[in-house]
Every structure is written in structure tokens, then in C-alpha cells.
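The values are calculated or read from the model by the stated rules, or taken from the named source; none is laboratory data. If you're wondering where the values come from, they're calculated on a predicted model, not measured in any experiment. Quick reminder, even Gly has a Cβ in these numbers, built from the backbone with ideal geometry, and neighbours come from all protein chains shown. Heavy atoms of the whole protein, side chains included, go into the accessibility calculation; ligands, DNA and RNA do not. Shrake-Rupley method; radii C 1.70, N 1.55, O 1.52, S 1.80 Å.
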Amino acid sequence: MNDLRLIESFLEMLSAERGAAKNTLTSYQTDLEEFFPYLRKNNVNSLTVDKPIIQGFLTQLANSGVANSTQARKLSCLRQYFRFLFNENIRGDDPTSTLQSPKKQRSLPKIMSVRDVDHLLYVAQQDCQAKSLSDAKRLRAHRTYTLLELLYASGMRVSELVSLPHMAARRDAKFLSIVGKGNRERLVPISQTARDAMEEYLEQRDHYKNYRDDPWLFPASSAQGHLTRQAFARDLKALGVKAGLNADKLSPHVLRHAFASHLLQNGADLRAVQQLLGHTDISTTQIYTHVQEERLRELVTNHHPLANI
């Protein structure tokens, strides 16, 4: 059986037995079709290739500058493919069983300074007070400002933020009840400033009869019925340009990072930040400790008198 027929059988198994999505199947097919020219170059095929040759393929990827995460993905594909051949008794062994995956390089999150966040919030608040705005533009300005205040005050995921129910804006509520990933619920405190922003936003929102009884805090004419993540990201970048910030480095997720980083910077407990962010694993939250360590290193490198000696 030739390599192309083996790929076809492998993909059929993934689709029929595991219910693999079309994009997943396409990705596996692409990775395998990239691998087979290397086999032909070494005068082997799926049935005769051994561990050193597969290792050579991975080394070639690394030497050509392919990211560790991409190398790991391709190796995962090869492992599943050769495990399939072994399980189907097409091969008598699995040459990938003892191969080591390249370590994934975890990139540090982009962080905004406290000064930049303060400036962004100031510009958003000033937009709300502009006298020349139409009612629609004033509502949009209040919405953007409220979204920013809530995001920086709570560290919510953007999907959690835009889908907040109208009842979240209770005037006496000092906590928000957020339903996160896996339908897990958590409480996060919100500042008085954020509550004031919500109150002013609701005053503008209630001018529109269609919105008064809407179940969403941020209703919009979308398929979901509320503001989309993409629309908020677009409005945020536009505000960033107005504030003189680099819009390419500005997103709702960056503000979530800023929330966590600024808390730790000011002495917050890592476990408390984990709970506020809704992380199930503390290792996910620990990325922010690396941010602080990197900042300390840069501080010493740039300012210590002996750093460059």
C-alpha cells in the first residue's frame, strides 16, 4: 500500500472514529504531505522509515526556523499516523514512540503600563462629555468607556464582558457574577468608578425604547443579540489611535493582562489573581510572575551602575 493510500485510510479513521473536524483533517493532510517528500529523498516510505530519519526531519524543521510550537504540532500528527499504522498491523513498530517533543516557548503577554491605561480611560471618558455628539455616538462613547472600566476593574475575558446580562448593572452590586469557561461561575469585585460608568451608560441606553427591556447589558444588532468581541476590539483600537497609543499592541486581552500584571505589581496574591481571572490551573496565572521577573531584569540591566561593565 503506497503512502497516499495510507494517508487516506488514516484520515478516514480520524473522521469516522474520532469525528475530526474538516479543518483538523486538512491540517493533518498538509503536515503529512510535507513529510513524504523527505521520505522519498531518503529512499524510504511509511513502512520502512525509522526513528533517526524522522528525527532528521524534525531537525530540518528546526534549522529552517520553524517555531517550536509548529514542530510539536507536526510531531503530534506523525505520532498519531504511525500509531494508526501500528494498531492496524500495517507496521510492526511505532518509530515515533520515543521521540521527544520540542519545548514550547511560552511568549510573555503584552502589557500596558498603568500610565497608558489611565490615559486611555481618560480619553474614553472625555469622549462621553463631548458636546457635539449625536445621541447614537454619545451612547457608543459611553458604551466603550463602560466596557473599558469594567474590563480593567475585573479582568474579565472579553467574551464574558460583552455577554453580560442587563441584571449585572444592579446599582447596589459591588460584585459581578461571571459565568466563564465550562459554565463555571465566579464573583469579581468592581470599583465605584466602574459602577458609576455603568449608571451613566444606562441613562444613555434607556433613551432607546428598543434597549430598555433588552436582556443584554450591551445590546447590538448581531446574531448573538449583544456586542461582539470583534466590534469592541475595533472600537478599542480606534480609541487607542485617538489616545496616541500603538493600536497594533492594543486589544481587550491586553487590558486583561494589564489587570493581572498591575495587581501582582502592587502586591496581590497569585492565588487571588487566579480566582479573579477564572483560571483553573495556577500555572496559567504564573505567566504574569514571569512578566514581573522580566521587568526586574530590565530594571537592573538598564539602571544598575555595574550592569554594563
Test: residue in the range 12-30 that is touching a Cys at 6+ places or on another chain (Cβ under 6 Å) and either open to solvent by 60 Å² or more (accessible area, probe 1.4 Å) or in a helix (DSSP H, G or I) (or both): yes
Condition met for Ile90 (assigned to a helix (DSSP H, G or I), open to solvent by 20 Å² or more (accessible area, probe 1.4 Å), modelled with pLDDT of 90 or more and of a type in the set (A, V, I, L, M, F, W, C)): no
Test: residue in the range 60-67 that is open to solvent by 50 Å² or more (accessible area, probe 1.4 Å), over 29 Å from the mean Cα position of the chain (by Cα) and at pLDDT 90 or above: yes
Sole exception among (1) over 16 Å from Arg140 (Cα atoms); (2) in a helix (DSSP H, G or I) for Leu187, by number: (2)
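To keep it simple, each residue is scored yes or no on (1) modelled with pLDDT of 95 or more; (2) open to solvent by 20 Å² or more (accessible area, probe 1.4 Å); (3) charged (D, E, K, R); (4) in contact with an Asp or Glu (Cβ under 7 Å, 6 or more places away or on another chain).
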{"site": "Thr98", "(1), (2), (3), (4)": "no, yes, no, no"}
{"site": "Leu108", "(1), (2), (3), (4)": "no, yes, no, yes"}
{"site": "Leu148", "(1), (2), (3), (4)": "yes, no, no, no"}
{"site": "Met156", "(1), (2), (3), (4)": "no, no, no, no"}
{"site": "Pro165", "(1), (2), (3), (4)": "no, yes, no, no"}
{"site": "Ala173", "(1), (2), (3), (4)": "no, no, no, no"}
{"site": "Val179", "(1), (2), (3), (4)": "no, yes, no, yes"}
Qualifying positions in the range 242-253 - farther than 17 Å from Tyr145 by Cβ and either part of a helix (DSSP H, G or I) or open to solvent by 70 Å² or more (accessible area, probe 1.4 Å) (or both): Asn246, Ala247, Asp248, Lys249, His253
Close pairs (6 angstrom Cβ cut-off, 6 or more residues apart or separate chains): in contact (Cβ under 8 Å) with a residue 12 or more places away in the chain and within 14 Å of Tyr288 (Cα to Cα) in the range 110-121, surrounded by 19 or more Cβ atoms within 10 Å (Cβ to Cβ) and hydroxyl-bearing (Ser, Thr, Tyr) anywhere: Ile111/Ser261
Yes/no for Thr30 being modelled with pLDDT of 90 or more and of a type outside the set (Asp, Glu): yes
Any hit, the range 191-203, residues being touching a Pro at 6+ places or on another chain (Cβ under 7 Å) and without any contact (Cβ under 8 Å) to a residue 24 or more places away in the chain: no
Matching residues, the range 191-241, being assigned to a loop (DSSP other than H, G, I, E, B), open to solvent by 40 Å² or more (accessible area, probe 1.4 Å) and of a type in the set (A, V, I, L, M, F, W, C): Ala223
For Arg184: the one exception among (1) open to solvent by less than 80 Å² (accessible area, probe 1.4 Å); (2) within 16 Å of Leu277 (Cβ to Cβ); (3) of a type outside the set (Asp, Glu): (1)
Some residue of the range 183-196 being more than 29 Å from Thr284 (Cα to Cα) and under 24 Å from the mean Cα position of the chain (by Cα): no
